[in-house]
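S.K.: Sharing a structure, written as structure tokens. Questions coming.
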There are 2 protein chains.
Amino acid sequence: MESPKKLRIALDTMGGDCAPEREVAGAVEALRASREQFEIVLVGDEQTIHHQLALQNAEHLPFTVVHASQVITMADSPTAALKQKKDSSLSVGMHLHKEGKVDACVSAGNTGAVLSAATLILGRIKNVSRPTIGTFIPAEHGTCLLVDAGANVDCRAQHLYEFAVMGNIYVRLLKKKDRPSIALLNVGEEKSKGTEAAQEAHKLLLASSYNFIGNVEGGDILKSKADVVVCDGFVGNIVLKFGESVPSFLKSRLKQFSTKGVINKLAVGMALWPLKASLRDMDPNEEGGVPVLGVNGVTIIGHGSSTVKGIKNMILRAAEVAQSQVNRQIEKALAEKGF
Amino acid sequence: MESPKKLRIALDTMGGDCAPEREVAGAVEALRASREQFEIVLVGDEQTIHHQLALQNAEHLPFTVVHASQVITMADSPTAALKQKKDSSLSVGMHLHKEGKVDACVSAGNTGAVLSAATLILGRIKNVSRPTIGTFIPAEHGTCLLVDAGANVDCRAQHLYEFAVMGNIYVRLLKKKDRPSIALLNVGEEKSKGTEAAQEAHKLLLASSYNFIGNVEGGDILKSKADVVVCDGFVGNIVLKFGESVPSFLKSRLKQFSTKGVINKLAVGMALWPLKASLRDMDPNEEGGVPVLGVNGVTIIGHGSSTVKGIKNMILRAAEVAQSQVNRQIEKALAEKGF
């Protein structure tokens, strides 16, 4: 019997803030963690990648290296860079995916550029108005998918509705939740609250067959009131970034407190262990990255500052998504409109 | 020589979640803290208030009690309640202010109702399109005024500009900052980022004479990048509530960790002191409440769950604002447009 075709994942090896060192090291770890059940295609400057593989004693591992002569930096304007840098590692990786040579393309590079590349090169899934990115926020009990996390700043009700549909499917399949609870992020629980788009989206979701629990407020996200919290990308991005800044704020506050005396210093020293342990999953490297939902393919965007573990998890997550039915189900759900 | 007229502050004694107990107790503490340099007018059910004063052994203190037969509850719809409950403690207090019988009116009641009462009864300051509420968020170094914190969900550029002007004056006069730094909350630093309103507001602020430092992102608020952070009330309310939920999230996480063994429990026990001490000013009771900016009068809205200390600080802050030039300067600044 022929063994099933191995999954292949392209990694934009030049994307992140510490590329290509961390990218290559993360790819090595992903390969080991998966016991080589999938293949990784390293896209970027060939010579640099081989050098990094040598440094990692990983030249014998079954990597494929695909050369790309250009790099899209964090400072580049997404759409301009995609037009001008046709041979960037991101473009080349995404085209490999488009051509069916790989099953996913992941990058810890310029978020806007990865999103644009996914949308422009892979195209939208049928019935999706706007691809979106969702992000998992650690909450009191498990995590909550915040969608949109920054892809679309101005949204109409239909867009918010579609984000809910896509978020619902992603959480159901990837987090193995049967009927994820879905909520709209708003300034009050009443359906009359918020912007016109929020009020209209409330109606659409209420009429749907989903497990819509109504509006939630900003304070309900961390309370695990819903599995999927829907908002436009302006709000989503701001909440996400605010949340990400909390650990360093705490650290700074504790540091200030510790300078006020020896006992304070001791107390802070002892507080660090339980605090770090309690907040371990607030580290975005645990999730590995945020999925792009609604494109004809599988893309995960890693944090620019991803650690080696972050890169590894980004690749592992992409493999999981590629093996799931996410995209097929999104197309189906939006054809049926969920009503 | 005649001593200057004493400041008089009306307190909606029936507003908060634990009214009137905490309201009366807070008023007693405020009077003591101020060494009776101002007068407090307790508005609400006369009999109940006298009963509370007796319980507090405070009947001899120079309070004035003004009877109001109705109460606007947290569940009431703000505008409907104001129309139907003409004799509510909030309405009566606000009318006392309108008639010049008191210099400020404060309430820890229904935020929407207090805001509506202030706007409808006191009226807008000349040149102000929309009154707003600002809230102080504790940051790494000092606090940051987030404005609008929930009063106006849909905002045009001109509204955002006015929030900046009012926030600037409030921080300058009340926090004694010479030239507060002002920033627009957005999804990126570039002026081309965000919604149309945000992009237009960026232009208006750039052309002004204020200390406008450009856009900041969600992660910059706690980093103390700006003294005044401007946004629409939809975003502001969500960020504020998200931030307020962080301490209870931390507590829940530490509790989960502490159940994993005796050593964990001990470690968490020891972590609580430095943590609480470091986050003391995240307690909204420290600030006492959020100012309503842009109305012809002085109103501070307390948190519904204000403690006695919260009520006390709300009253003390109102006294400070009443003695400042905030409203006159807002009128002047908006007449000049700041350009």
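S.K.: Can you list, shortest first and in nm, the gaps between the label point of residue B:79 and those of its counterparts in the other copies, using a point 7 Å from Cα in the C-beta direction?
M.R.: Reported distances to equivalent positions: 3.8 nm.
S.K.: Still on this structure: Report, in cubic angstrom per residue, the convex hull volume of the C-alpha atoms of region B:48-103. Please report the intermediate quantities before stating the final value.
M.R.: On the way: hull volume 5.7 nm³, N = 56.
Dividing the Cα hull volume of region B:48-103 by its residue count gives 101 Å³.
S.K.: Using Stokes-Einstein with the Kirkwood hydrodynamic radius over Cα pairs, what translational diffusion coefficient do you get for the protein assembly as shown at 10 °C and a viscosity of 1.306 mPa s, in µm²/s rounded to a whole number? Please report the intermediate quantities before stating the final value.
M.R.: Values: Rh = 27.0 Å.
Once the numbers are plugged in, D ends up at 59 µm²/s.
S.K.: Let me ask something else about it. Once the dipole of region B:196-339 is set up with Lys and Arg at +1 and Asp and Glu at -1 on Cβ about the Cα centre, which of B:262, B:212, B:304 lies farthest towards its positive end?
M.R.: After comparing all options, I get B:262.
S.K.: Give the percent of DSSP beta bridges with both residues in chain B that are antiparallel, rounded to the nearest 5.
M.R.: Numbers: 10 of 38 bridges.
Antiparallel bridges make up about 25 percent of those DSSP assigns within chain B.
S.K.: Enter the mean number of other protein chain beta carbons within 10 Å of the beta carbon of each residue in B:247-255, as an integer.
M.R.: Values: counts 0, 4, 13, 6, 2, 7, 12, 6, 2.
Mean shielding by partner chains, rounded to a whole number: 6.
S.K.: Take the solvent-accessible surface of the protein heavy atoms, probe 1.4 Å, and return the percent of it on chain A that carbon and sulfur atoms account for. Show your work: numbers first, answer last.
M.R.: Details: 7240 of 14340 Å².
On chain A, the fraction of accessible area on carbon and sulfur atoms equals 50 percent.
S.K.: What accessible area, summed over both chains, is buried at the B-A interface (1.4 Å probe, Å², nearest 100)? Mind dumping the intermediate values first?
M.R.: Details: alone 16600 and 16640 Å², together 28630 Å².
So the buried area, both faces added, is about 4600 Å².
S.K.: Ok, one more. What figure, in Å² to the nearest 10, do you get for the accessible area of residue A:55 with a 1.4 Å probe and non-protein molecules left out?
M.R.: My reading of the accessible area for residue A:55 is about 110 Å².
S.K.: Rounded to whole Å, give me the distance from the Cα center of region B:173-231 to that of region A:201-241.
M.R.: Region B:173-231 and region A:201-241 have Cα centres separated by 27 Å.
S.K.: For label points placed 7 Å from Cα toward Cβ, what is the shortest-first list of nm distances from residue B:32 to its copies?
M.R.: With the label placed 7 Å along Cα→Cβ, residue B:32 yields 6.5 nm.
S.K.: Residues of region B:271-299 with amide nitrogen under 13 Å from the 7 Å Cα-to-Cβ point of residue A:260?
M.R.: Correct set: B:273-282.
S.K.: On to the next question. Check the axis relating chain A to chain B and name the residue of A whose C-beta is nearest, distance in whole Å.
M.R.: A:271, 2
S.K.: Further question on the same structure: Determine the sum of side-chain charges near residue A:225: Lys and Arg each +1, Asp and Glu each -1, restricted to other residues whose C-beta is under 13 angstrom from that of residue A:225. Working shown, then result.
M.R.: Numbers: positive: A:223, B:241; negative: A:140, A:189, A:217, A:220, A:227.
My count for the surroundings of residue A:225 gives -3.
S.K.: Sticking with this structure for a sec: Rounding to the nearest 20 debye, state how big the charge dipole of region A:196-305 is about its Cα centre with +1 on each Lys and Arg Cβ and -1 on each Asp and Glu Cβ. Walk me through the numbers on the way to the answer.
M.R.: Values: 11 positive and 11 negative charges, 169 e Å.
In total the dipole reaches around 820 debye.
S.K.: If you average 1/r over all unlike Cα pairs in region A:11-132 and invert the result, what Kirkwood radius do you get in angstrom?
M.R.: Working: mean 1/r = 0.0683 Å⁻¹.
Here the Kirkwood hydrodynamic radius works out to 14.6 Å.
S.K.: Kindly work out what percent of the DSSP beta bridges joining two residues of the protein assembly as shown are antiparallel, to the nearest 5.
M.R.: Numbers: 20 of 76 bridges.
So the antiparallel bridges in the protein assembly as shown amount to around 25 percent.
S.K.: I've got another one for you. Let me check I have the definition right: for region A:121-270, take the eigenvalues of the Cα gyration tensor, multiply each by 5, take square roots. What are those semi-axes in whole Å, largest first?
M.R.: Working: eigenvalues 235, 52, 46 Å².
Here the semi-axes work out to 34, 16, 15 Å.
S.K.: For residue A:214, list long-range residues whose amide hydrogen, built 1.01 Å from N in the peptide plane, is under 5 Å from its own amide hydrogen.
M.R.: Residues meeting the amide H criterion: A:184.
S.K.: With a 10 Å radius around each residue's Cβ, average the other Cβ atoms per peptide and rank A:183-195, A:133-145, B:60-72, highest first. Let's see the in-between values first.
M.R.: Working: A:183-195: 19.9, A:133-145: 21.9, B:60-72: 16.9.
Sorting A:183-195, A:133-145, B:60-72 by mean packing, highest first, produces A:133-145, A:183-195, B:60-72.
S.K.: Of A:193/B:223; A:312/B:265; A:191/B:241, which sit over 23 Å apart, Cα to Cα? Before the final figure, lay out each step's value.
M.R.: Numbers: A:193/B:223 31 Å; A:312/B:265 33 Å; A:191/B:241 18 Å.
From A:193/B:223; A:312/B:265; A:191/B:241, over 23 Å: A:193/B:223; A:312/B:265.
S.K.: Then there's this: Could you please put A:270, A:14 in sequence from largest to smallest accessible area, using a 1.4 Å probe?
M.R.: Values: A:270 85, A:14 30 Å².
Ranking A:270, A:14 by accessible area, largest first, yields A:270, A:14.
S.K.: Report the charge-dipole magnitude of the protein assembly as shown in Debye, nearest 20, computed about the Cα centre from +1 at each Lys and Arg Cβ and -1 at each Asp and Glu Cβ.
M.R.: Numbers: 78 positive and 72 negative charges, 112 e Å.
Using only the charged Cβ atoms, the result is roughly 540 debye.
S.K.: Where does the charge balance sit around residue B:291 when Lys and Arg score +1, Asp and Glu -1, over other residues with C-beta under 11 Å from its C-beta? Don't skip to the end; give the middle numbers.
M.R.: Working: positive: B:317; negative: B:287, B:320.
Residues close to residue B:291 contribute a combined charge of -1.
S.K.: Cα to Cα, under 15 Å, and not fewer than 8 places away if on the same chain: which aspartates and glutamates meet these conditions relative to residue B:309?
M.R.: Straight-line reach from residue B:309, under 15 Å: B:17, B:21, B:23, B:29, B:281, B:283, B:286, B:287.
S.K.: In addition: Counting only protein chains, not ligands or nucleic acids, how are B:206, B:146 ordered by accessible area (probe 1.4 Å), most first? Show your work: numbers first, answer last.
M.R.: Working: B:206 105, B:146 0 Å².
Of B:206, B:146, the descending order of accessible area is B:206, B:146.
S.K.: Now for a separate question. State the Cα centre-to-centre distance between region B:146-162 and region B:256-295 in whole Å.
M.R.: Result: 30 Å between the Cα centres.
S.K.: Could you give, in nm with one decimal, how far residue B:141 is from each other copy of that position, shortest first, with labels 7 Å out from Cα toward Cβ?
M.R.: 4.2
S.K.: What is the mean number of Cβ atoms from other protein chains located within 10 Å of the Cβ atom of each residue in peptide A:216-224, rounded to a whole number? Let's see the in-between values first.
M.R.: Working: counts 2, 8, 12, 11, 3, 5, 8, 4, 2.
Partner-chain Cβ atoms within 10 Å, mean over residues of A:216-224: 6.
S.K.: Okay, moving on. Considering Cα pairs under 8 angstrom that are at least six residues apart, work out the relative contact order of region B:7-99 and quote it in whole percent.
M.R.: Values: 142 pairs, mean separation 29.0, N = 93.
Normalised by residue count, the contact order of region B:7-99 is 31 percent.
S.K.: Considering only region B:39-165, what is the antiparallel percent among its DSSP beta bridges, to the nearest 5? Don't jump to the answer; show the numbers that get you there.
M.R.: Values: 5 of 11 bridges.
Given both bridge residues lie in region B:39-165, the antiparallel proportion sits at roughly 45 percent.
S.K.: Another one. Given a 1.4 Å probe, how much area per residue of the protein assembly as shown is accessible, in Å²? Walk me through the intermediate numbers first.
M.R.: Numbers: 28630 Å² over 678 residues.
Spelled out: the 1.4 Å probe surface of the protein assembly as shown, per residue, equals 42 Å².
S.K.: Right, something else. Among the aspartates and glutamates, which have Cα under 18 Å from the Cα of residue B:86 when same-chain residues fewer than 8 positions away are ignored?
M.R.: Within the straight-line cut-off, residue B:86 pairs with B:12, B:45, B:46, B:76, B:99.
S.K.: Counting only C-alpha contacts under 8 Å and six or more residues apart, can you give the relative contact order of chain B as a whole percent?
M.R.: Details: 696 pairs, mean separation 76.6, N = 339.
About 23 percent, as a whole number.
S.K.: Over the whole of B:81-90, what's the average partner chain Cβ count within 10 Å per residue? Rounded to a whole number, please. Provide the component values of the computation, followed by the final result.
M.R.: Working: counts 0, 0, 0, 0, 0, 0, 0, 0, 0, 0.
Mean partner shielding for this stretch: 0.
S.K.: If you take all C-alpha pairs in chain B, what percent of them are over 30 Å apart?
M.R.: Numbers: 22039 of 57291 pairs.
Considering chain B, 38 percent of its Cα-Cα pairs are separated by more than 30 Å.
S.K.: Taking the Cα centre as origin and putting +1 on Lys and Arg beta-carbons and -1 on Asp and Glu beta-carbons, what dipole magnitude results for chain A, to the nearest 20 debye? Intermediate results must be reported in sequence, preceding the final value.
M.R.: On the way: 39 positive and 36 negative charges, 109 e Å.
It comes to approximately 520 debye.
S.K.: Related question: How would B:130, A:280, A:253, A:35 rank on accessible area, largest to smallest, probe 1.4 Å?
M.R.: Values: B:130 65, A:280 140, A:253 15, A:35 200 Å².
From most exposed to least exposed: A:35, A:280, B:130, A:253.
S.K.: Go ahead and run the numbers for FRET between residue A:54 and residue B:61, Cβ-Cβ distance against an R0 of 60 Å, rounding to 0.05. Please list the in-between numbers first.
M.R.: Details: r = 81 Å, r/R0 = 1.36.
In this case the efficiency is close to 0.15.
The values are calculated or read from the model by the stated rules, or taken from the named source; none is laboratory data. Predicted model only: the values in this text are computed from it and were never measured. As a convention, Cβ positions derive from the backbone with ideal geometry for all residues, glycine included, and neighbour counts pool all protein chains shown. Each accessible area value is taken on the protein alone, full model and side chains, heavy atoms only, with ligands, DNA and RNA left out. Shrake-Rupley method; radii C 1.70, N 1.55, O 1.52, S 1.80 Å.
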